[in-house]
Amino acid sequence: MKKNEKLGVLNIDESLYKTRISSRFLNRIPYKPVDPHLILSFIPGTVLDILVRPGQPVKKGDDLMILDSMKMQNQLKCNIDGKVKAILVNKGDRVSKGMVLIEIG
Amino acid sequence: MAINKKIKELQEKREKVLLGGGEQAIEKQKALGKRTARERIMALLDKNSFNEYDLFVEHDARDFDMAKKSLPSDGVIIGSGTIYGAPVAIFAQDFTVAGGSLGLMHSRKITKIMDHALKMRIPLIGINDSGGARIQEGVNSLAGYGEIFFRNTISSGVIPQISVILGPCAGGAVYSPALTDFVFVVDKISKMFITGPEVIKTVLGEEISMEDLGGARVHSEITGNAHFFAFTEEECFDQIKRLITFIPWNNGQKARAFESREPKPEFNINKIVPDDPTLPYDVKDVVRSIVDFSDFFEIMELYAKNIVIGFGRMGGRTTGFVANQPLEMAGVLDVDSSDKAARFIRYCDAFNIPIITLVDLPGYMPGVDQEHAGVIRHGAKLLYAYSEATVPKLTVIIRKAYGGGYIAMSSRHLRADFVFAWPSAEIAVMGPEGAANIIFRKEIMSSDDPNGTRKQKIEEYKEKFANPYVAASRGYVDAVIEPSETRKFLMHSLNISENKIIQMPEKKHGLPPF
């Protein structure tokens, strides 16, 4: 342990411990509940086809988009009943994992 | 005389092959800061101890014009020798010959030396430096990998297996090191991955350098695939040699015993641990205040630093240490630290090395990421490993031993042979703050001065339960000892455990939660 080293504080069961905090812990992504209104890319890939238009009413289970990834054509389905509020990508776009592709209103 | 002529002929043949891939390829290898395969073996083994086999092996591939190509020794050197007098079997892939690619004969050389090591019950060292499968040899090279993985697995727990990554080790090739006991990597030289940056870019559109994807640091700090990190090949070889001194030749033996030496006086066991259980200290200093000559050989130093594992000697005999590290993340148990410790405990158990556990932890790490990463399953590995281990198990509770962490860290209940506690030990279901808030919730809430009452109740709880004596009154702790008595108690316990025998129920194998 270095002298005068600046340490952090970790709360475990309401006791506060002076200790080194790992960068992994500091950089962790806080949990967010899944929002069914947002259709995300579950894998990186290329938008092969968009099957809906903005404003179009959609039902749970409807196909929204074909995402080409790992040599597979993946159908992205709608989670809820609603209307297509916005389409945030274009046909042919390359998308990374976790990107919002379509918003359902 | 005819024999002289024949000897000369042999010498010439040897010389030709000893050059490997030729001067140009050797120059290229050196430019990358790498030694040649043969230089590596010579640097690692005792002087003049190396006996080489299969020097004249050649491939017999015919497709893709391979018949015209000569690949000296088929790109891998095998043999045996000694390290500090201990016998070892060794193979080293030669990157200067067809990029160290693995073809049928290359793999047969490796499996030959692996069979040899298992048969003779001596440690196996593999130096990996290969571009991967020799594509021209097709399914034969896949067969070669499979034959190696199989032998790694059946030799596991019988002979020590050490992997040294001194170049690329990509694709299926990575699974041989992953199946071995210890993996050594060198900064900027080692590269390990299943799919390389090129494939990742093509398939997923993500760009990353080889170093960031699977360099030595990545595997030492993030993935936990590597156990020892070095800056140079030389440092790496020193680490391997040192490791060899701590481990036995096989699972039927004990590690070589050395002369007992007292710890160095600068590690004063009375002055390391602060009274306040929320303040940190470096638990490695406690280890150094206990072991022979204060010499502690740490394993996986850069990974899951909240738990410390490694070898030291007690009275000259190799001992495995597992210790919570209050200096890093308060020493909590989490997914990675449980994995790290559990595997080490199983290593010690397989190779007849007693385990000393130093306990000072606040419990398990809370968090969505931990729960979702499977802390239940991973944490269970620690319980499994300790319960299953039949080598002598000694536990010293230094300060905190709260809740599930108390149980997991080689408690009496998992059949620790000896459990000692310092007077500063707090063996309790949880920390005083949390416990008081739950037990005295009503009193605190209904009080005119909730903060004052809370403080008072915390003090009450500390007084009554934050000590080793409740556990000692049940026999869960065998002795409450002064810190300065620790080495004496441990040495005695180890001495009388020398012939420990445990009968386990008969089974084919258990199902550890991995």
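None of the figures in this text is laboratory data; all of them are computed from the coordinates on show. Values in this document were obtained by computation on a predicted structure and should not be read as measured data. In this analysis, Cβ positions are derived from the backbone assuming ideal geometry, glycine residues included, and neighbour counts consider all displayed protein chains.
Computed quantities for the displayed model
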item: Qualifying aspartates and glutamates (Cα of each under 18 Å from Cα of residue A:2; at least 8 residues distant if same chain); result: B:266, B:282, B:285, B:301, B:328
item: Sequence-distant lysines (8 or more away, or on other chains) whose Cα lies within less than 30 Å of residue A:85; result: A:32, A:59, A:60, A:71, A:77, A:97
item: Charge tally in the Cβ shell below 10 Å around residue B:284, where Lys, Arg are +1 and Asp, Glu are -1, residue B:284 excluded; result: -3
item: Radius of gyration, Dmax [chain B; alpha carbons; angstrom]; result: 26.5, 110
item: Cross-link reach list, lysines versus residue B:442, counting only Cα pairs under 28 Å and skipping chain neighbours closer than eight places; result: B:400, B:455, B:457, B:462, B:464
item: Alpha-carbon centroid distance for the pair the range B:399-465 / the range B:16-94, whole angstrom; result: 60
item: Stokes-Einstein diffusion coefficient of the range A:38-104, Kirkwood radius over Cα pairs, 4 °C, 1.567 mPa s, in µm²/s; result: 112
item: Restricting the range A:1-72 to trypsin sites (Lys or Arg not before Pro) in coil, as DSSP defines it, with at most 13 other Cβ within 10 Å; result: A:2, A:3, A:6, A:28, A:59, A:60, A:71
item: Computed [θ] at 222 nm, helices only, for the protein assembly as shown once each DSSP H run of length n ≥ 4 contributes -39500 (n - 2.57); result: -9500 deg cm²/dmol
item: Reference-scaled alpha-carbon Rg (2.2 N^0.38 Å with N residues) for the protein assembly as shown; result: 1.14
item: Kirkwood Rh and Cα Rg combined as Rg/Rh, the range B:2-246; result: 0.96
item: Within chain B, longest stretch clear of exposed GluC sites (Glu not before Pro) (DSSP loop, no more than 10 other Cβ within 10 Å); result: B:267-497
item: Local electrostatic count at residue B:52 - Lys and Arg +1, Asp and Glu -1, tallied over other residues with Cβ under 10 Å; result: +1
item: Euclidean distance of C-alpha centroids, the range B:481-497 and the range B:146-213, integer Å; result: 41
item: Inter-chain Cβ neighbour average for residues A:18-30, partner chain, 10 Å; result: 5
item: Other protein chain Cβ atoms within 10 Å, averaged over every residue that makes up B:322-334; result: 4
item: The range B:1-147: proportion of alpha-carbon pairs further apart than 24 angstrom, %; result: 34
item: 30 Å Cα-Cα threshold exceeded, pairs from B:47/B:69; A:18/B:500; B:34/B:254; B:28/B:69; A:6/B:393; B:69/B:201; result: B:47/B:69; A:18/B:500; B:34/B:254; A:6/B:393; B:69/B:201
